[in-house]
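Following: one structure in structure tokens, then a few remarks.
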Amino acid sequence: MTMIQLIGVTRRHGGRPALDAVSLSVAPGEFVALVGPSGSGKTTLLKSVNRLVEPEEGEVLIDGRDVRDVPPHQLRRGIGYVFQSIGLFPHMNVAENIAIVSRLTGDSRPGRVAELLEMVALPTDFAGRMPRQLSGGQAQRVGVARALAAGARLMLMDEPFGALDPVTRDGLGRAYRDLHDRLGLTTLMVTHDIGEALLLADRVVVLIAGRIRADAAPAALVASDDPDVRAMVEVPRRQAARLAAL
Amino acid sequence: MSPALAEALAALPTLLRAHLVVSGSAVLIGVAIGLPLAIVSARSPRVRTPVLGLAGLVQTVPALALLALFYPMLLILGRATGLAIPALGFLPALIALSLYALLPIVRNGVAALRGIDPELLEAADGVGMTAGQRLRLVELPLGAPVILAGIRTAAVWTIGAATLATTVGQPSLGDLIFSGLQTEDWVRVLVGCAAAAALALAVDGLLALVESGLARRSSWRVRLGLGALVAALGLALVPAPAAGGQIVVIGAKNFSEQYILASAIERRLRAAGFRTERRDNLGSTVAYQALAAGDIDVYVDYGGTLWTNILRRADTPPAEAMRAELARRLRERDGVLLIGPLGFENAYALAMRRDRAEALGVRTLDDLARAAPQLELAADLEFLTRPEWRAVRDRYRLAFAGQRSYSPTFMYRAIADGSADVITAFSSDGRIAALDLVTLADPRRALPSYDALLLAAPGTDPRILASLRPLVGAIPVERMRRANLMVDRDADKKTPAEAGRWLDPGD
């Protein structure tokens, strides 16, 4: 049983492949991190799942169905999408931002906003605030609440905590992981922070130049003998060792 | 209150309402066309470049010219399609002003939509909005301040430019400004300008209220601003209480004599029980075309003007023959009816101070030709380039000691203070009497006759013609000069309506 399945997905940017015949399966309930250097195709891969990017070759299936079988807007309403700049609508308050998907589909449920705010550990009186009144961490919690609002089972996250300070980032990362487990979500998360990937995810996929170089559980990845992968993994380990020696 | 102020204020409500209707409709059409154009242009560079270029091009055409262009265009369109398209008044004004309103709306609309943070558009796509939902829920609300700023600019421009709609026969606050400028009635000009400025400021203020309401998410501001605008336009659209009776539309060109005569005609028609409307400040060719098309019912034009401009004739027959030929040809050609001559001419004439003319023994242009080598000629700005001057000069062999061009006011100053001996006057000009000038006879008929002729539209109701017939032959040139002087002089100025009453007190 797979939640997401990519089969031979290729996407070029000006002749150069951003994704080069990538195949990948994600099982329901898995938390998969996509890591790799800038320009390795992480974001392109993520966006090919909710069709913000259309691959030139290959297939993307969700629950066994080709994503091209439904109109893109309907597909996206069933998938949570969180990205680095958050994209809260500045002319809508927190409650309106969270309820936007139910407004699109026309099935709003009273009390749902309060429930979601509680889920992301924000006080319910935040509902009336405007996005500009929120701190970065609070805004991203609202972003997560908005992604969860329509009852999505699948979350796509693109550097979700990338713009936050380290403390907030750590707290929010762990809080999200709890939510993932509690709600039984399937999460595909792009991050350039290999440490974050190793600590949060069940599985880490390393993309280099549009190809999957490694795909393993964190413990196994740390033991990889691929020199590029080793180089990436070494960074947080060396930092940890130096910090411990202080 | 001075009669000038009282008259201007009495005309104000009707003109204000007409002004609001034409400029308001133009802005609404500008928004209705401009916003979709902006949306399409913002998405497609292939549409954007020509649309913005074209809107910018329209803007470079002076508003006055743009208005004037639509008159012949609609006329041709009407003839080509055989439809009854009104070429004068509301329609050409509306089209020209709508086009004029387009640029700021499209330009700001494009800037607003293209200026939206791409991250927000990605978020909108990411939560599953359709293109329409994204436009309605994200792009338009976020672009609203810039879009509204464009609409505000368009509204202020349009209200200003609508004063020019007067020249194509659409009543507006420009009626007060144009006729006031012509007769140097500054009270009238000021009332027109102040009303137009107040209207522009009020509309701009209400739109600013809507804009701030959107920015602050304050729905009462939005509702109050929009409500007041809709209410004002609604009030302006409520038709004036119909007072029964047929409406006769009187045209006038843009100088004092025409306003005075239009007032006299108006008084005659009202006395006969007709309702009247005025279309003042019509361009010279527009006036005749408007009459031929039935957009106006009656106005006064001059024999020589019709002869050269409408019939395109270059000869100068005697007044009687010209009048008979005009009556026949205009009727055949356009169905226009010549009711009759009013009794005076407004022709180019050479004039001298009476004392000087008598001292030199000059009574005719033949006499003048003999004295000319010692005399200075002062002409108005165009006379020396007109065919009339060539005809006079060649037929009488006139050779002055010197000749200069002046604006009319300074030309009269020049003869008054003796720095010129001869001027080119209009024969019905009030200043001829005021300065005690004599006009010189033209025995060789070099100057065409400029009989003031009362004209009526094709198929005009015989009762209208009958009520105007008493004016035929009733206005000798001395009387017209005095009426013109009442309006044109600086001291103890009268309004054209007062002068019209003096000119033709009625029965």
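The values are calculated or read from the model by the stated rules, or taken from the named source; none is laboratory data. Note that the structure is predicted; figures quoted are calculated from it, not measured. Glycine also receives a Cβ, built like all others from the backbone with ideal geometry; neighbour counts cover every protein chain displayed.
Restricting to the stretch B:112-123, what's the tally of residues that are hydrophobic (A, V, I, L, M, F, W, C) and within 8 Å of another protein chain (Cβ to nearest Cβ)?
2
For the stretch A:96-115, enumerate the residues that are at pLDDT 90 or above and within 14 Å of another protein chain (Cβ to nearest Cβ).
Answer for the stretch A:96-115, where residues must be at pLDDT 90 or above and within 14 Å of another protein chain (Cβ to nearest Cβ): A:GLU96, A:ASN97, A:ILE98, A:ALA99, A:ILE100.
Test of understanding: among B:ALA208, B:ALA252, B:ALA200, B:ALA231, which residue is over 30 Å from B:ILE147 (Cβ atoms), of a type outside the set (Val, Ile, Thr) and more than 14 Å from chain A (Cβ to nearest Cβ)?
One residue alone meets the criteria, B:ALA252.
Answer yes or no: is there a residue in the stretch B:356-364 that is assigned to a strand (DSSP E or B) and not assigned by TED's automatic domain parsing to the domain that holds B:ALA290.
Yes; the residues of the stretch B:356-364 include at least one that is assigned to a strand (DSSP E or B) and not assigned by TED's automatic domain parsing to the domain that holds B:ALA290.
Which one is surrounded by the fewest Cβ atoms within 10 Å (Cβ to Cβ), of the residues in the stretch B:130-186 that are more than 11 Å from chain A (Cβ to nearest Cβ) and hydroxyl-bearing (Ser, Thr, Tyr)?
Taking the candidates together, the pick is B:THR153.
In the stretch A:165-222, what residues are part of a loop (DSSP other than H, G, I, E, B) and surrounded by 18 or more Cβ atoms within 10 Å (Cβ to Cβ)?
A:LEU185, A:THR191, A:ASP193, A:ALA201, A:GLY210
Could you tell me which numbered condition A:LEU34 fails, if it satisfies all but one of (1) within 14 Å of chain B (Cβ to nearest Cβ); (2) buried (at least 20 other Cβ atoms within 10 Å of the Cβ)?
Unmet for A:LEU34, out of (1) within 14 Å of chain B (Cβ to nearest Cβ); (2) buried (at least 20 other Cβ atoms within 10 Å of the Cβ): (1).
For A:HIS73, all conditions in the list (1) in a strand (DSSP E or B); (2) touching an Asp or Glu at 6+ places or on another chain (Cβ under 9 Å) hold save one; what is the number of the exception?
(1)
Looking at the stretch B:279-292, which of its residues are surrounded by fewer than 22 Cβ atoms within 10 Å (Cβ to Cβ) and either of a type outside the set (S, T, N, Q) or in the same structural domain as B:PRO92 (by TED's automatic domain parsing) (or both)?
Once the filter is applied, which keeps residues that are surrounded by fewer than 22 Cβ atoms within 10 Å (Cβ to Cβ) and either of a type outside the set (S, T, N, Q) or in the same structural domain as B:PRO92 (by TED's automatic domain parsing) (or both), the stretch B:279-292 yields B:GLY283, B:ALA292.
Name every residue in the stretch B:479-507 that is at pLDDT below 90, of a type in the set (Asp, Glu) and surrounded by fewer than 20 Cβ atoms within 10 Å (Cβ to Cβ), in order of residue number.
Result: B:ASP490, B:ASP492, B:ASP507.
Could you list, in sequence order, the residues of the stretch B:74-97 that are surrounded by fewer than 22 Cβ atoms within 10 Å (Cβ to Cβ), in a helix (DSSP H, G or I) and in contact (Cβ under 8 Å) with a residue 12 or more places away in the chain?
B:LEU74, B:LEU75, B:GLY78, B:PHE90, B:LEU91, B:LEU94, B:ILE95
List every residue pair whose Cβ atoms lie under 7 Å apart, where the two residues are 6 or more positions apart in sequence or sit on different chains, the first residue falls within the stretch B:145-167 and is among the basic types (Lys, Arg), and the second residue, located anywhere, is surrounded by fewer than 21 Cβ atoms within 10 Å (Cβ to Cβ).
B:ARG152/B:ASP204; B:ARG152/B:ALA208
Kindly indicate which of B:GLY126, B:GLY109, B:GLY89 is away from every other protein chain (no Cβ under 14 Å) and in contact with a strand residue (DSSP E or B) (Cβ under 9 Å, 6 or more places away or on another chain).
The unique qualifying residue is B:GLY89.
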